[in-house]
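K.L.:
Attaching a single structure in structure tokens format; questions to follow.
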Amino acid sequence: MQKPYSLRTSYLESNEVFRRPYQKVLLALLLGFALLLPALASTYFVHLLDLCLLSSIGALGLMLLTGYCGQISLGHAAFLAVGAYSTVILNAHLGAAFVIVLPAAAVFGGLLGLIVGLPSLRFRGVYLAISTLAMHYAIIFLATKYQAEFGASATAGMTIPDPSFGLFVLSGDRPWYYFLLAVVSLTTIGCINLVRTRPGRAWMAIRDRDIAAQALGVNLARYKLLAFVTSSMLTSVSGSLLAYFTNVVTVEKYTLDLAIVYLAMIIVGGMGSILGALLGAFFITLLPFAIDALFGYLPRTWRFGSTLFGVQAGAVGICIIVFLLFEPKGLAEIWNRLQTYFERWPFRYRPLDTVRR
Amino acid sequence: MPELLLEVRQLEVVYHRVATAIQGVSLDVQSRSIVALVGTNGAGKTTTLRAISGFLPSENAEITDGKISFAGSRIDGRRPHELARVGVILVPEREKVFTTLTVKENLQFASRQHSGVTVEGVLSYFPTLAVRRGQLAGYLSGGEKQMLAICMALLCRPTLLLIDELSLGLAPMMTKQLMDQLQQVTRELGLTVLLVEQNANAALAISDFGYVMEGGRVVFSGKASDLMRHPDVQEFYLGGVRETETKSYREIKQYRRKRRWWG
Amino acid sequence: MEVAATVVILTCTYALLAAGVVILYKAARVVNFAHGELAIVGGYVFYSASLGGESLWLAVVGAICFSVIMGVMIYMSMLRRLLGEPLHVAILVTIGIGIVLKSAILVIWRAERLTIDIGVAPAIRFAGGASLSYMDVASIAVTVLFFVALYFFLTFTRIGVQFRGTAENALLASQRGVNVNFVLSLAWVMAVFAASLSGTFFGSRAFLSTESVTIGLAGLVAALVGGLDSLRGAIMGALIVAGAQYLTVRLVDPVLSETVPFLLLLVVMSVRPWGLFGTLEELDRV
């Protein structure tokens, strides 16, 4: 009798990282493929993957905060900006090296996360989202002021040199790819372990029923703030890496729309799943490029320019709506059901908590 | 000439597609009578009421067998507001009034024009509620909320009134008062009532007919007066004590009694 | 006088937006983050329906049709499925709707900056140098009318009571004979209509473009400051936000104008989270 992998029957089982034996093999294959990829693919494709990996880190940060701890935050773009601007400031005024800037960005992000997280001790839901939005605008205002003061011009932004480790300079899509692959892997392992242990369980308890969580002894303040700080640290690092990758920092990039794009990543990927953060990040980052490619097949008579941009923007919104209505657990759940389908074939299996219409 | 107003035949309800809550449940409710449905927790009484009043889909449950007929026509599967329009009104167990509206607004909510039943009319049955008409319903006491719930139900011109746990959370005196008021209202307005209750004493006292449910099945039925005299019903639901010479633990244990239900 | 006129008209714009937010909250417990986008798209529809400034009546009809179609569509296809789900799901869906609407502006109207020209010529002059156009007068009049009508509707009519009951417990409302789908669709239609009016007035005083959608957030803040379930609060909140924005733009820094409503909100929320006129009991439901 085959063990029902999709149903977990013991506490140890529910804490396992690999639920099914073949998953380890799949992961090994995937990693092997990933390592070989730059040799096989074009530079353009590797560049795309770099973008995906960069947004993965930010997506993981948001997933911990919103997907696991249930605190809705619209201030994600602001944290990316914090990471980017700490990079700029440290570089421009102190000439600091990469190995110092990155941890410093994490620290600044963490401190700010602490401040942004304070309203969460008092509010939930909409009010919390609005207060994070307020923080977003406050931070962006400060960044705009900085750019006006020190930028090449009011709108041009600032440049940053490529990061260097002693003699080795990190530049070019392929070197960045390997670097990011390592960073994302380490971050993912860290996040997986975080959610499997006490913090993760506390966050999920807070997400589902914070009053009951409190009654069971979960220190709400401590864990909510921990979620905000961890998330903002990760996001700040992501923003810093993004700044190094593109070598330019302008404040116009950090809009509310960017925060919503990251929200879309965790919604599409599946809230409450580390795999979901990665899947969602890849999906949403690649989506505009896919639409761009699709547009290439359309007859020339269709208008380009703002139509393309409009459709790309609209596609993100449509993804949010469609996934929330029909597949709230996102791509991660689709992957799960796919595995279950093949596991149980030819028996059918329908999950218990699908919503009946 | 009592006619059959509600007819439930071999009803089966399944939750989440895997858990059978009730099975083979059959009930008859004669017009202008009060029928009590008693049983312990988890017997399936509330599920039965929900099935009749159309509330199952919101609980992720469905009727998988059997049929329900109201005044001759099938009603299983119809939506709650359609059933409300034909006169099947449910007073639910929890969340039975709008706590953010005043008493008057709650009643306004349910009343229909030209319905023959007015707000003042129903309030006349419950004088303690009438003095509080400007108060927010959320601030009423348990008993008053229950009265308000019944008034709202009455204003919908019910033909069949389904009441779930009328006595829940109420002091015994309040329960008795409410039951008496319910009986009075029913007689005067010519209603039919299906009353689900854990307080079997109070329920059977005002009912004409009764059903006993256990483990998702109807295990006993009969006239209310007969039920109240039945020794097993007395022992399990009415708190009566069996007069026997020797009391061994084995005899008291319920499972021995259970075999008699189905034997 | 000029100052007062500007602030009053801006208040009207925000007040209509806030009214829409309050309607949706009072009827459906939904906080709509797409309100700004609905307003601006409504303004664009008004412009297009007026056939370039020719026909006012056609424009009004167009705006009404848009409200009905959009409101019903949003509710029946999307929000209806979320009845009973936790609130933050509905909010995220409205955020998604907002993005789709914004991209519709890009695709349909190519994000042209438009100004609505009907009746904007300065017509009435007041003492102190202020002059109002017909559109300005209309915006004030319509706002007042809308609020009065809404107040009577919600407080005294039966449907108004049904609105509020449905918001608290849609299941119970359904069992007491209320067609919940109708009530909620109506709420959405009313909210979209209010937003369209607001967008039209904004489009005549300022301009319509993809950047203008931020007025929605200001309207949301106005509603929150005043209290999400209070119409009086919507007006007061709108006045405060409009006043604060105007002062900031004039005296401090124009760039800050987007931020000021939120800073205001932070202040209000730290001392009185349920808003100036909101009811305390409502807070926990959010």
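K.L.:
I'd like the residue in the stretch C:143-163 that is modelled with pLDDT of 85 or more and surrounded by 18 or more Cβ atoms within 10 Å (Cβ to Cβ) and, out of all such residues, is nearest to C:VAL30 (Cα to Cα).
P.N.:
C:PHE163
K.L.:
Out of C:VAL21, C:VAL31, C:VAL45, C:VAL93, which single residue is at the interface with another protein chain (Cβ under 10 Å from one of its Cβ atoms) and touching a residue at least 60 places away in the same chain (Cβ under 8 Å)?
P.N.:
C:VAL31
K.L.:
Conditions: (1) more than 9 Å from every other protein chain (Cβ to nearest Cβ); (2) at pLDDT below 85. C:TRP188 meets all but one. Number of the miss?
P.N.:
C:TRP188 satisfies every listed condition except (2).
K.L.:
Against the conditions (1) closer than 27 Å to A:TYR11 by Cα; (2) out of contact with any Leu (no Cβ under 8 Å at 6 or more places or on another chain), where does A:ALA264 fall short? Just the number, please.
P.N.:
(1)
K.L.:
Still on this structure: Just to be sure, is C:SER67 under 26 Å from C:GLU211 (Cα atoms), among the hydroxyl-bearing types (Ser, Thr, Tyr), part of a helix (DSSP H, G or I) and modelled with pLDDT of 90 or more?
P.N.:
Details: under 26 Å from C:GLU211 (Cα atoms): yes; among the hydroxyl-bearing types (Ser, Thr, Tyr): yes; part of a helix (DSSP H, G or I): yes; modelled with pLDDT of 90 or more: yes.
Yes, satisfied.
K.L.:
Determine, yes or no, whether C:ALA170 is closer than 24 Å to C:ILE69 by Cβ and within 14 Å of chain B (Cβ to nearest Cβ).
P.N.:
Yes, satisfied.
K.L.:
Give the stretch A:17-40 a look and list any residue that's more than 30 Å from A:PRO175 (Cβ to Cβ), of a type outside the set (Phe, Trp, Tyr) and surrounded by fewer than 13 Cβ atoms within 10 Å (Cβ to Cβ), or say none.
P.N.:
Residue satisfying the conditions is A:PRO21 alone.
K.L.:
Do any helices (runs of 4 or more DSSP H) lying entirely in the stretch A:212-315 carry at least 2 residues that are under 29 Å from A:ILE334 (Cα atoms) and more than 14 Å from chain C (Cβ to nearest Cβ), and which ones are they? Give the derivation first.
P.N.:
On the way: elements: A:220-246, A:256-269, A:274-297.
The qualifying helices (runs of 4 or more DSSP H) are A:220-246, A:274-297.
K.L.:
Name the single residue that is nearest to C:VAL180 (Cα to Cα) among those in the stretch C:75-90 being within 7 Å of chain A (Cβ to nearest Cβ) and free of Cβ contacts under 8 Å to residues at least 40 places away in the same chain.
P.N.:
Going residue by residue through the stretch C:75-90, those that are within 7 Å of chain A (Cβ to nearest Cβ) are C:78, C:81, C:87-89.
Keeping just the survivors that are free of Cβ contacts under 8 Å to residues at least 40 places away in the same chain gives C:78, C:81, C:88-89.
Details: C:MET78: 15, C:ARG81: 13, C:HIS88: 21, C:VAL89: 20 Å.
Per the stated criteria, the residue is C:ARG81.
K.L.:
Can you work out which of the residues in the stretch C:102-116 that are in contact with a helix residue (DSSP H, G or I) (Cβ under 6 Å, 6 or more places away or on another chain) and more than 8 Å from chain A (Cβ to nearest Cβ) is surrounded by the most Cβ atoms within 10 Å (Cβ to Cβ)? Write out each step before concluding.
P.N.:
Pass one, the stretch C:102-116, residues in contact with a helix residue (DSSP H, G or I) (Cβ under 6 Å, 6 or more places away or on another chain): C:102-103, C:105-107, C:109-111, C:114, C:116.
Next, only the ones that are more than 8 Å from chain A (Cβ to nearest Cβ) stay: C:109, C:114, C:116.
Values: C:TRP109: 21, C:LEU114: 19, C:ILE116: 24.
Taking the candidates together, the pick is C:ILE116.
K.L.:
If you check B:GLU12, B:GLU59, B:GLU82, B:GLU95, which single one turns out to be within 14 Å of another protein chain (Cβ to nearest Cβ) and touching a residue at least 40 places away in the same chain (Cβ under 8 Å)?
P.N.:
Values: B:GLU12 fails: within 14 Å of another protein chain (Cβ to nearest Cβ); B:GLU82 fails: touching a residue at least 40 places away in the same chain (Cβ under 8 Å); B:GLU95 fails: touching a residue at least 40 places away in the same chain (Cβ under 8 Å).
Criteria check complete, one pass: B:GLU59.
K.L.:
May I ask you to list pairs of residues, at least six apart or on different chains, whose Cβ atoms are under 6 Å apart, with the first in the stretch A:99-128 being within 14 Å of chain C (Cβ to nearest Cβ) and assigned to a helix (DSSP H, G or I) and the second being crowded, with 21+ Cβ neighbours inside 10 Å and charged (D, E, K, R)?
P.N.:
A:SER120/A:LYS224
K.L.:
While we're on this one: Of everything in the stretch B:138-185, what is hydroxyl-bearing (Ser, Thr, Tyr) and surrounded by fewer than 19 Cβ atoms within 10 Å (Cβ to Cβ)? Give them in sequence order.
P.N.:
B:TYR139, B:SER141, B:THR159
K.L.:
In the stretch C:218-228, is there at least one residue being more than 13 Å from every other protein chain (Cβ to nearest Cβ) and either crowded, with 23+ Cβ neighbours inside 10 Å or within 28 Å of C:ARG81 (Cα to Cα) (or both)? If you could, list the steps in order and put the result at the bottom.
P.N.:
If we filter the stretch C:218-228 for residues that are more than 13 Å from every other protein chain (Cβ to nearest Cβ), which is where we start, we get C:226.
Of the ones still in play, those that are also either crowded, with 23+ Cβ neighbours inside 10 Å or within 28 Å of C:ARG81 (Cα to Cα) (or both) are C:226.
Within the stretch C:218-228, one or more residues are more than 13 Å from every other protein chain (Cβ to nearest Cβ) and either crowded, with 23+ Cβ neighbours inside 10 Å or within 28 Å of C:ARG81 (Cα to Cα) (or both).
K.L.:
Go through (1) within 14 Å of another protein chain (Cβ to nearest Cβ); (2) under 13 Å from the mean Cα position of the chain (by Cα) and name the single condition B:GLY138 misses.
P.N.:
Tallying (1) within 14 Å of another protein chain (Cβ to nearest Cβ); (2) under 13 Å from the mean Cα position of the chain (by Cα), B:GLY138 fails exactly one: (2).
K.L.:
Check whether at least one residue in the stretch A:235-258 is in contact with a Cys (Cβ under 9 Å, 6 or more places away or on another chain), buried (at least 24 other Cβ atoms within 10 Å of the Cβ) and either closer than 24 Å to A:LEU181 by Cβ or of a type in the set (A, V, I, L, M, F, W, C) (or both), and report yes or no. Quick ask: steps written out before the conclusion?
P.N.:
Here is the first cut: in the stretch A:235-258, the residues in contact with a Cys (Cβ under 9 Å, 6 or more places away or on another chain) are none.
No, the stretch A:235-258 has no match at all.
K.L.:
Moving to a separate point now. Step by step: first the residues of the stretch C:236-258, then only those that are over 19 Å from the mean Cα position of the chain (by Cα) and among the β-branched types (Val, Ile, Thr), then the one that is farthest from the other protein chains (Cβ to nearest Cβ). Which residue is that?
P.N.:
Residue satisfying both the conditions and the ranking: C:VAL249.
The values are calculated or read from the model by the stated rules, or taken from the named source; none is laboratory data. All figures in this text were calculated on a predicted structure; none of them were measured in a lab. Glycine gets a Cβ as well: all are built from the backbone with ideal geometry, and neighbour counts include every protein chain shown.
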